[in-house]
Structures are given as C-alpha cells and as structure tokens.
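The values are calculated or read from the model by the stated rules, or taken from the named source; none is laboratory data. Owing to the predicted nature of the structure, the values given are computational and were not obtained by experimental measurement. Note that each Cβ is placed from the backbone with ideal geometry, even for glycine, and that neighbours are counted across all protein chains shown. The protein model used for the area step is the full one, side chains on, heavy atoms only, and it has no ligands, DNA or RNA in it. Shrake-Rupley method; radii C 1.70, N 1.55, O 1.52, S 1.80 Å.
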Amino acid sequence: FSFLVGIAGLRAGGWFRRADAVIAMSPPLTLGLTGWAAKLAHRSPLVFNIQDVFPDAAIETGAITDRRVIAVARWLERVSYHRADAVTVVSADLADNVSAKVGPRHRSKVRVIPNFVDTTAIHPSARATAYRRELAIGDEPVVMYAGNVGFSQSLDMIVAAARAIPEATFVINGHGAARPRLEAAADGVANIRFGDHQPADRLSEVLATGDIHLVPLRRGLGRVSVPSKIYSILAAGRPVVAAIDADSEINRIVTTAGCGVVVAPDDTQAFIVAIRTVLDTIELGAGMGRAGRVWVEGAASPGATAAAYEELFGELARGRPGRPRQGNGLPRR
C-alpha cells in the first residue's frame, strides 16, 4: 500500500513538479517514508499527520511483542518525525507523546490540529430511521457502537451490558479483525444486532438510530489514540458513554462539553451503570446530545481546521514553522 501510494504521490500534479506541500498520514507508519520521498521529488515541505501513535497502540494491545520488530518501528517513527517539516496531531495527549520522542530542536514542529466533522452532512435527526427498521429494531432504546471492531476497543463490555440491560437493543456497527470473535461471544444474546458499514451519505441516519453511543477504549490507549468517531456522534446530537483513561482527550471533550458520561477503561460494572443512568433519564440524554452539538459546531468545524492547516502551510512556505499551536477551539491544558 505504501509503495503504491508513493508512486501516486510522485505522479501527483506531474512527475517531480514543485508542490506547495505534501501531507502524509499515520497509520500506517510507513507512509512517513513515503511522504519523505514525495517531499524530495516535489521539493516541498512535508506535513506528517498522526491519527494514532504507532507503534505504541500496537504494543499496548499486544499486537506487537517481538522486541526486534518494536525496535525497528521505534526507529522508523523517529526518522519519520525528524524528516517531516511539521508533525500534526489531533490532541494535546498525542502532542506530548510525540514531543517526548524527538530531539529538542524538532519539538517546535509538533502542533495540535484536531480532526473535523461535516456538521452540515451529520446533524441531529429523528430516531425512527430506515436503518432501525432494516435491523428489525422496534421502538425500544438503542445503544450503539459504530466504528472499527478491533482489538483496541473493549467491546466485550458491550456484550456484558446487553446481557445486563435486556430492555435495550445494542448495535455493533462496523467491521474489523475482532468482529468474528465478538459475534461468537454474543451468540445467544437476543438484544444484540451487528450491522455493516453503510455508505457515507447514510452516516447521519446510522448515528441517529442510536439513542446512546459508546466509546470504549482499552486501558493505556487514551494517550496514543483519539477515536475520531466522537466528533460525528456529537454532530448527530447524541449522548456518549465512554470508557477511557481519565487523562485522555476524549475525557476532556466529554467533560468540557457536558455531552455524556466517562468511566474508567475496562470497568464493566461502571460501564453498565453509566449506560443505565443515561437510559433511565430521557431529559438527561437529550440535554447531553444538545450540549455535544453546540460544542462540536464551535470546536471542530471544517472551516476552523482548514484555517489552521492553511496557516501552517503559509509558515512552512516562508521557512518559519513558528511555535506549536494548541488547536482551534479545544481547551488548552
């Protein structure tokens, strides 16, 4: 994949034609070197965007255990950061993580520019959706997880919550490496539905189907990964129940916006209690949903994020990367 992207990057705009900037994204981490090659070919500054800090996330989940592989990944990580003219991350947590791994002269490259959500395409809608009918769900409350079904998420807690709260239907919407195992664990649990990825133009409808949305992330991953689904959930005007590290960006967003409840990661009982709390009080959940919508309109709009990148590109073009930004509307730490 990285090789094919590299070829496409070299051809973009014409072979070896000067460009204003090259943007490479991680993961996969190998795109750091791909971006560097495009930077040299197009004689332009390179912006390396970090969505999840790799290999930290893979190490925390146990996906990588071989010390030699870890050492190579750490080397590739440092090289990619050093070869970039700017490194953008989506939260202050990730900025601290990346800054700690580079030399002092490279730390001014690191800036926080959050992801954005299209608040026009994703908007609060009625819960009685066509997608609900497709999943054979009635008028009962729906608790939804929508996103990657992988090993970074504590999705077994959702199965436990479905068993404990039979009056609600739980929907796991998405694909990933952990889905077959999760489907096996949910066998015989009547109030769980598994849904497939839907076209982008149905995202607002899918999110509206859930009365509550879940963001469960395993312990230790809150500082290396920011689930971008949080922005879409808030844009849809739905409350959040998150199980995530207390010092994570998601915790700060939910607390600042007043859009949900956060509990400790991997604490199944606290997770179930939080879901029950929101389900049992319709007014509470509705108020959280409205608060989240207000927050995301002011803090994660496309215009604000685009302006932050345009400012960065201008600084790089002038050869003055400037001081790190603290985002565009997110609370400073």
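Summary table below
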quantity: Condition check for Ala160: aliphatic (A, V, I, L, M), loosely packed, with under 15 Cβ neighbours inside 10 Å and over 19 Å from the mean Cα position of the chain (by Cα); calculated: no
quantity: One residue from Ala306, Ala299 being under 30 Å from Asp85 (Cα atoms), of a type in the set (A, V, I, L, M), modelled with pLDDT under 85 and within 22 Å of the chain's Cα centre (by Cα); calculated: Ala299
quantity: Residue in segment 297-311 that is farthest from Pro239 (Cα to Cα), counting only those that are part of a helix (DSSP H, G or I) and touching a helix residue (DSSP H, G or I) at 6+ places or on another chain (Cβ under 9 Å); calculated: Ala304
quantity: Inter-residue pairs, beta-carbon under 6 Å, first more than 20 Å from Arg276 (Cα to Cα) and in segment 232-251, second of a type in the set (S, T, N, Q) and open to solvent by 10 Å² or more (accessible area, probe 1.4 Å), 6+ apart; calculated: Ala235/Thr119
quantity: Residue that is nearest to Gly303 (Cα to Cα), among those in segment 108-133 that are outside any loop (DSSP other than H, G, I, E, B) and in contact (Cβ under 8 Å) with a residue 24 or more places away in the chain; calculated: Val112
quantity: Of the criteria (1) open to solvent by less than 10 Å² (accessible area, probe 1.4 Å); (2) within 22 Å of Ile113 (Cα to Cα); (3) assigned to a helix (DSSP H, G or I), which one Val294 fails; calculated: (1)
quantity: Out of Gly174, Gly210, sole residue that is touching a strand residue (DSSP E or B) at 6+ places or on another chain (Cβ under 9 Å), modelled with pLDDT under 95 and either open to solvent by 20 Å² or more (accessible area, probe 1.4 Å) or more than 19 Å from Thr268 (Cβ to Cβ) (or both); calculated: Gly174
quantity: In segment 77-94, the residues that are open to solvent by 10 Å² or more (accessible area, probe 1.4 Å) and either touching a Phe, Trp or Tyr at 6+ places or on another chain (Cβ under 7 Å) or within 19 Å of Pro27 (Cβ to Cβ) (or both); calculated: Arg78, Val79, His82, Arg83
quantity: Listing of strands (runs of 3 or more DSSP E) fully contained in segment 177-280 that carry 2 or more residues being under 15 Å from the mean Cα position of the chain (by Cα); calculated: 212-216, 240-243
quantity: Pairs where the first residue, in segment 38-54, is closer than 16 Å to Ser2 by Cβ and the second is of a type in the set (Gly, Ala, Ser) and assigned to a loop (DSSP other than H, G, I, E, B), C-beta under 7 Å, 6+ apart; calculated: Leu46/Ala84; Phe48/Ala84
quantity: Residues of segment 279-290 classified as at pLDDT 95 or above and either touching a strand residue (DSSP E or B) at 6+ places or on another chain (Cβ under 8 Å) or open to solvent by 40 Å² or more (accessible area, probe 1.4 Å) (or both), total; calculated: 2
quantity: Single match in Val98, Val102, Val47 (criterion: part of a strand (DSSP E or B), out of contact with any Pro (no Cβ under 9 Å at 6 or more places or on another chain), of a type in the set (A, V, I, L, M, F, W, C) and open to solvent by less than 20 Å² (accessible area, probe 1.4 Å)); calculated: Val47
quantity: Candidate set: segment 118-131, residues that are within 13 Å of Leu207 (Cα to Cα) and not hydroxyl-bearing (Ser, Thr, Tyr); chosen: the one surrounded by the fewest Cβ atoms within 10 Å (Cβ to Cβ); calculated: Ala126
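A quick yes/no check of all residues on (1) part of a helix (DSSP H, G or I); (2) of a type in the set (Ser, Thr, Tyr):
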site: Gly6; (1), (2): yes, no
site: Ile23; (1), (2): no, no
site: Gly32; (1), (2): yes, no
site: Trp36; (1), (2): yes, no
site: Arg68; (1), (2): yes, no
site: Thr88; (1), (2): no, yes
site: Leu94; (1), (2): yes, no
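Yes or no, residue by residue, for (1) small (Gly, Ala, Ser); (2) touching a residue at least 24 places away in the same chain (Cβ under 8 Å); (3) closer than 24 Å to Ser248 by Cβ:
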residue	(1), (2), (3)
Arg11	no, no, no
Met25	no, yes, yes
Gly35	yes, yes, no
Ala57	yes, yes, yes
Val69	no, no, no
Val72	no, no, no
Leu76	no, yes, no
Val79	no, yes, no
